[in-house]
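The values are calculated or read from the model by the stated rules, or taken from the named source; none is laboratory data. This structure is a prediction, so every number in the text was calculated from the model and none was measured. When we count neighbours, we look across all protein chains shown, and the Cβ atoms used for this are built from the backbone with ideal geometry, even at glycine. Calculation scope for accessible area: heavy atoms of the full protein, side chains included, ligands and nucleic acids excluded. Shrake-Rupley method; radii C 1.70, N 1.55, O 1.52, S 1.80 Å.
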Amino acid sequence: MEIKTEAGLALSKNSFACGWSKHICTYALATAVNALAAKEAECIAAEAQILFPTGTDSSGAYALEKAFCKVCQERGIEKQEVVIRRNPLFGLPVVQITAMGLDTGNTVMQEEALRGGPGDELVLVKWIGMEGMLRIADEKGNELRRRFAPVFIRQIQSWRKELFAGRELEIARSMGVVSIRQITEGGILGALWDLAKETGCGLDLDMKRMSVLQETIEVCEQYGLNPYQLTSAGSFLMAAADGKALADALCENQLQASVIGRLTAGNDKIIHNGEDVRYLDRPAPDEIYKIFL
C-alpha cells in the first residue's frame, strides 16, 4: 500500500513465515523490510500477528513476541501492536508482519519504470535459497547435528546476518538500476517467472551462474529439495542496462553478485545448464513447505 502524505510517501509491506523456529519473526520482518528498501523506503515501524495452534503451550507464542521485539530493537524499528491468537486450523505457528516505511524524497519509481525491457541484463545479488536453508536448519536442527559436524552448523547460522538488505541497494540505485525484486516465495525461478510476466519479455538464463552456498546444497540434498525453488529473503534479482558493470561494482564492495542472463523479446523463457536447454515452468509451491509435511 502507498499513501501520499505531507512528510512524503508512506508505504507498507506484508509478509509471513511459518514454523516452530524462534526466528520466524526475523524471517518475516526481513522480507517486509527488504521489500520496502527495494522501493527506496526506510522501515520505521512494524507490527506482528502471531497465530498459534490451539492446544500448544502458550509460552511459545510469547517467546516469538519477545523475539520480534528484540529484532525490532536491533534494527532501530519502532515496535507497534503485537497480537497473539489461537487458531484451531493451524498445525504450526504462523507470523504475519506488517512493516511501514516512509520515502521522504518521493523517489519511489513508477511501476512502469521498474519493469525493464528486452536487452536488460539480470543480476543475482547474494545466493539462491539462503533464507530457506536457514529455516530448514532451524526446524531440522537435531537431525542436521547428527548428520553434520558442529563447524558446519555454525557456518549455516553465520549467514543469518545476510537476511537484511544493506549497501547492495544503495550501489544499485547509484548505478541507475532498472528493477529490483527480492527473491522470496518460489525462489529464484519464481522471481524470474514474475519478472518475465510483468515485463512481457522472454528470458535467456544461465543456471550455472546462479550462486548457491555449499551449505544450501548440502541441506537441500539431505531433504530432497530444489534450491532454485527455495525462498531467499535478503537476496535480490536486479535488471540493468549494464549488468556486468553493476555486478562488478557490487563485487568490489565485497558483495556477491553475478550476471545470470537477460530479458529478451518474445515469450520464450530459456534456461541453459551446460549443454542442456529447457524452458522455465510456471512457479511451483516453495520447497520450504515440504519439510512440514
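Observations
- Answer residue from the stretch 250-293, given it is under 17 Å from TRP127 (Cα atoms) and of a type in the set (Gly, Ala, Ser) and is nearest to the chain's Cα centre (by Cα) among those: ALA257
- Each residue in the stretch 80-110 was checked for being modelled with pLDDT under 90 and either more than 23 Å from the chain's Cα centre (by Cα) or basic (Lys, Arg) (or both), and 7 of them qualify.
- Count of the stretch 171-184 residues which are at pLDDT 95 or above and assigned to a loop (DSSP other than H, G, I, E, B): 1
- Strands (runs of 3 or more DSSP E) fully within the stretch 26-103 that include at least 3 residues being in contact (Cβ under 8 Å) with a residue 60 or more places away in the chain and open to solvent by less than 40 Å² (accessible area, probe 1.4 Å): 94-103.
- Residue count for the stretch 181-216 under the criterion of being open to solvent by less than 20 Å² (accessible area, probe 1.4 Å), within 14 Å of GLY116 (Cα to Cα) and not small (Gly, Ala, Ser): the result is 4.
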